[in-house]
Amino acid sequence: MTMREYMLGNVAIARGLLEGGVQVIAGYPGTPSSEIIDTLAARKDRDYHIEWSVNEKVAMEVAVGAAWTGVRSVVTMKHVGLNVAADPFMTLAYAGTKGGLIAIVADDPSCHSSQNEQDTRRYAQFALVPCFDPSTPQEAKDMLPYAFEFSEKFEVPVIFRPTTRISHGKSDIELGEIPVEKPAPNFEKLLDRWVMLPKNARPRHTHLLSIQQPIEDALAESPWNSLELKPDAKFGVIGAGIASAYAKEALVELGLDVSYLKIGVYPVPRKLILELLETVDAVLVFEELEPIVEEQVKMIAQEAGIEVSVLGKNNGFVPREGELDVSAFLEALKKTFDLETEAETSGTSLELAPRPPALCAGCSHRATFYSMKKVFGKDAIYPSDIGCYTLGIQSGTVETTLCMGSSISVASGLYHAGEKRPICCSIGDSTFFHSGMNSLLNAIVNKANITVTILDNRITAMTGHQPNPGVGYTATGEQTVQVSLEELCKAMGAEFVSVVDPYKLEEIQEAFKAAKEFEGVAVVIARQPCVISGKRAGIRRTPYVVDPEKCEGCKQCVKFGCPAIEFDEQNKCAVITALCSGCGVCAQICKFDAIQEVKR
Amino acid sequence: MSQAEQKKLDLLITGVGGQGAILASDIIGKAAVTAGMPIRAAETHGMAQRGGSVVNHIRVGNDYGSMIPKKGADLLLALEPMEAVRYLDFLKDGGIIIMNTQPIVPVTVTSGLTKYPEVSDILDFLSEKYIVKAFNADDLAYEAGNRLAMNVVMVGAVSGYLPIPKETLLDSVKALVPQKTIEVNLRAFEAGRQKVEES
């Protein structure tokens, strides 16, 4: 009997790893990839090692060590994480693996939760490794056991690239068997493979190039590519990854008689592409982000001397950036056949208020930013980083966000360039452990004069509350060392380190004043647990109310921006809603003593 | 219409992060699997979406991608009035809108940057082109025993349109809500279903 379950794509991916017999899993949280490790860590019957590593490079190296003992390992991250892990990854392609190694790198077309839209398939091309590009959550699950086997067969790591709509799509999933028997680890001392000094690296590069054609041939036969040739069709469509599902849906809906090639794995299947090109006059390539298949198709056509028009991103038939969907495919078809396009309007005259995501009611970051702004003022410069606190842009204290860990180094650069204005940067606890530590060390050693605020909410909140080295437990909830941020900063040579409670406005503002005066790198650690994880851990605070008799309607509390505070225009009075988590910061802001704890 | 065609339904759930749109979508998704139908869904994730605008696509009886094409949705289930308008491009002309009339005022409004449109204006506008069923689901949830059950009121409200048996949906509610809130949620479901049946 087959088992079907309703699953999130990332849960299906986790299941696929189990069905593939994975033994070591490491990763760093990043939307849309995070739930893969969360799912596997939450399982009771674990016969594998699983960890949240401090960053993607470290996670990659853990997976490499495991695969070199012959067991199957996986490393998970989001697309920008591979930039961090690119150093070990590029050389790993030369050294290769023994046990199967899959780098799961989730792409985010349209930047739903990311700072850029880079296409991981380019990295696969760059490193000369195969890349699996699923079109549905079911296919994602089914590809993984295959990818492990493939990786072992060619002793090469592989990339698995889901996109947001695979990772965070849901679907009915047909489950397979989970193997019980797994190989024992056995590290073989193959020095010419595992020691990449130049003498060994050179022949490994040659080797990697020599297996490209066999890899392509093996993949062409795989179930992830398929060609449907229509005998009389002069027009063909090539769809890649999730875009192939959009194209297929539209073609079936329209009942169009065109030849269709679906590509789900790279290097692209030259044989199938040639077969298609030989029968059509024009081909439309539909793929998300970079025109990778499109470029390959052009090259293949040119090499084979086939006259065919290749339509896609380079000639404006398909948008180069952003997410694709069925409508985008229909647009591309209309352009291809020169049909009129109707203007899309919902025709509303209603002005809709924007609803940007906001820091939670009672989030300590808001209080920290409020105090930061109070002390450092409008004139100061506020570099920041990647996490929930990036939403502090609404508080006017996030003025740069480049990549994980960059806030401190960007702040240093601003200072060394000669900026005379005060510089106060902010970074979360997890991000600090990820790569902010190196930046702090660098800032101290090179004598920057900046204030570094570590927004320590005791968790990696933005991606769904994963533990980090500061919290004292591992991915599976096991107790471990709790690393002290303050001791760490002091050990790196920070001479000013102040730990404060951001809910106590006077306390944190005093710390900021002292930090501003301090000559050198001053570290302020604003510590208060995330309101969501705190609530789950049983922290209960008394909520607050506005005394309408005392409220003067000055709106100071409303301007603070807490979602729990509204303004009653009729009575010209602030109102605190049921969202209040009882942090009490608004009560400290109110000059009229109008905000009080609810009396029990 | 073939049997399979009848069972195809594209539903859009819109709302605000934290309202329980994902749970509402999960109840329908799990029930579809139990009923032996293919199902695809796409949802908005991430802590940063708290308080932000969210949209879930649910495609019952669908084998392709999880994203509903523009003007493809048969039904729009709006957990919040302003969010009913924001994603209208996805709804078919003449499609059905089931809307919770309880507004959630965004920070952009409380801080005085913009205004929240009158709910009556929203209703008038929507009624021009679509079939609208609107009621205060927060109040119904409160009467059922807990304001947090608003999302289940809305699932109950849409349940009559889904090609999934009511009992299967109720089983799915029982399986997915916290154990001690099952009774409240079953009452919430019935309240929502009744509201739409009456209208």
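The values are calculated or read from the model by the stated rules, or taken from the named source; none is laboratory data. It should be emphasised that the depicted structure is a prediction, and the values quoted were computed from it without experimental measurement. As a convention, Cβ positions derive from the backbone with ideal geometry for all residues, glycine included, and neighbour counts pool all protein chains shown. Note: accessible area is taken over every heavy atom of the protein model, side chains too, but ligands, DNA and RNA are not part of it. Shrake-Rupley method; radii C 1.70, N 1.55, O 1.52, S 1.80 Å.
All of (1) buried (at least 16 other Cβ atoms within 10 Å of the Cβ); (2) assigned to a loop (DSSP other than H, G, I, E, B); (3) not polar (S, T, N, Q) hold for A:Ile408 with one exception: (2). Is it the case, given these coordinates, that A:Ser210 is touching a helix residue (DSSP H, G or I) at 6+ places or on another chain (Cβ under 9 Å) and either exposed (fewer than 15 other Cβ atoms within 10 Å of the Cβ) or in contact (Cβ under 8 Å) with a residue 60 or more places away in the chain (or both)? Criteria not met by A:Ser210. Using the structure shown, decide if A:Val105 is in a helix (DSSP H, G or I) and closer than 30 Å to A:Ala358 by Cα. Criteria not met by A:Val105. Farther than 30 Å from B:Asp124 by Cα and within 14 Å of another protein chain (Cβ to nearest Cβ): does that describe A:Phe329? When the stated conditions are applied, A:Phe329 passes them.
Can you name every residue in region A:553-571 that is closer than 17 Å to B:Tyr116 by Cα and in contact (Cβ under 8 Å) with a residue 12 or more places away in the chain? Of everything in region A:553-571, those that are closer than 17 Å to B:Tyr116 by Cα and in contact (Cβ under 8 Å) with a residue 12 or more places away in the chain turn out to be A:Val558, A:Gly561, A:Pro563, A:Ala564, A:Ile565, A:Phe567.
When residues in region A:24-48 are screened for being surrounded by fewer than 23 Cβ atoms within 10 Å (Cβ to Cβ) and part of a loop (DSSP other than H, G, I, E, B), 6 of them pass. Restricting the search to helices (runs of 4 or more DSSP H) fully inside region A:187-267 and requiring at least 2 residues that are under 34 Å from the mean Cα position of the chain (by Cα) and over 30 Å from A:Gly169 (Cα atoms) gives A:191-194, A:198-210, A:212-220.
Open to solvent by less than 10 Å² (accessible area, probe 1.4 Å) and of a type in the set (A, V, I, L, M), is that true of A:Ile306? Taking the combined requirement at face value, the residue does not satisfy it.
Would a scan of region B:143-165 turn up a residue that is polar (S, T, N, Q) and touching a Gly at 6+ places or on another chain (Cβ under 6 Å)? Yes, because at least one residue in region B:143-165 is polar (S, T, N, Q) and touching a Gly at 6+ places or on another chain (Cβ under 6 Å). The set of residues from region A:555-575 being more than 32 Å from the chain's Cα centre (by Cα) and within 7 Å of chain B (Cβ to nearest Cβ) comprises A:Val558, A:Glu566, A:Phe567. Across region A:361-375, a minimum of one residue is classified as closer than 19 Å to A:Tyr415 by Cβ, in the same structural domain as A:Ile423 (by the TED database) and open to solvent by 10 Å² or more (accessible area, probe 1.4 Å). Scanning region A:122-145 for residues that are part of a helix (DSSP H, G or I) and either at pLDDT below 95 or under 15 Å from A:Glu216 (Cα atoms) (or both) returns A:Ala124, A:Gln125, A:Ala127. When region A:72-101 is filtered for residues that are open to solvent by 10 Å² or more (accessible area, probe 1.4 Å) and not polar (S, T, N, Q), the ones remaining, listed by number, are A:Arg72, A:Lys78, A:Val80, A:Val84, A:Ala86, A:Asp87, A:Pro88, A:Met90, A:Tyr94, A:Lys98.
Filter region A:411-422 down to the residues that are touching a strand residue (DSSP E or B) at 6+ places or on another chain (Cβ under 6 Å) and in a helix (DSSP H, G or I), then identify the one that is least open to solvent (accessible area, probe 1.4 Å). Top of the filtered list is A:Ala411.
Residue by residue through region A:565-600, note down the ones that are part of a loop (DSSP other than H, G, I, E, B) and β-branched (Val, Ile, Thr). Once the filter is applied, which keeps residues that are part of a loop (DSSP other than H, G, I, E, B) and β-branched (Val, Ile, Thr), region A:565-600 yields A:Thr577, A:Val598. Inside region B:27-58, can you point out the residues that are closer than 30 Å to A:Thr2 by Cβ, facing chain A (nearest Cβ under 9 Å) and open to solvent by 30 Å² or more (accessible area, probe 1.4 Å)? Scanning region B:27-58 gives B:Lys30, B:Thr34, B:Gly36, B:Pro38, B:His45. Among the residues making up region A:175-201, those that are farther than 20 Å from A:Gly100 by Cα and surrounded by 12 or more Cβ atoms within 10 Å (Cβ to Cβ) are A:Leu175, A:Asn200, A:Ala201. On the given criteria, is B:Gly160 closer than 24 Å to B:Lys8 by Cα and of a type outside the set (Lys, Arg)? Yes; evaluated as a whole, the condition is true for this residue.
Residues in region B:152-196 that are within 15 Å of B:Phe135 (Cα to Cα), touching a strand residue (DSSP E or B) at 6+ places or on another chain (Cβ under 8 Å) and open to solvent by 10 Å² or more (accessible area, probe 1.4 Å): B:Lys195, B:Val196. If we keep just the residues of region B:103-127 that are open to solvent by 60 Å² or more (accessible area, probe 1.4 Å) and either on the phi > 0 side of the Ramachandran plot or modelled with pLDDT of 95 or more (or both), which is nearest to the other protein chains (Cβ to nearest Cβ)? It comes out as B:Asp121. Considering every residue within region B:43-62, establish whether at least one is of a type in the set (A, V, I, L, M, F, W, C), in a helix (DSSP H, G or I) and touching a residue at least 60 places away in the same chain (Cβ under 8 Å). No: zero hits.
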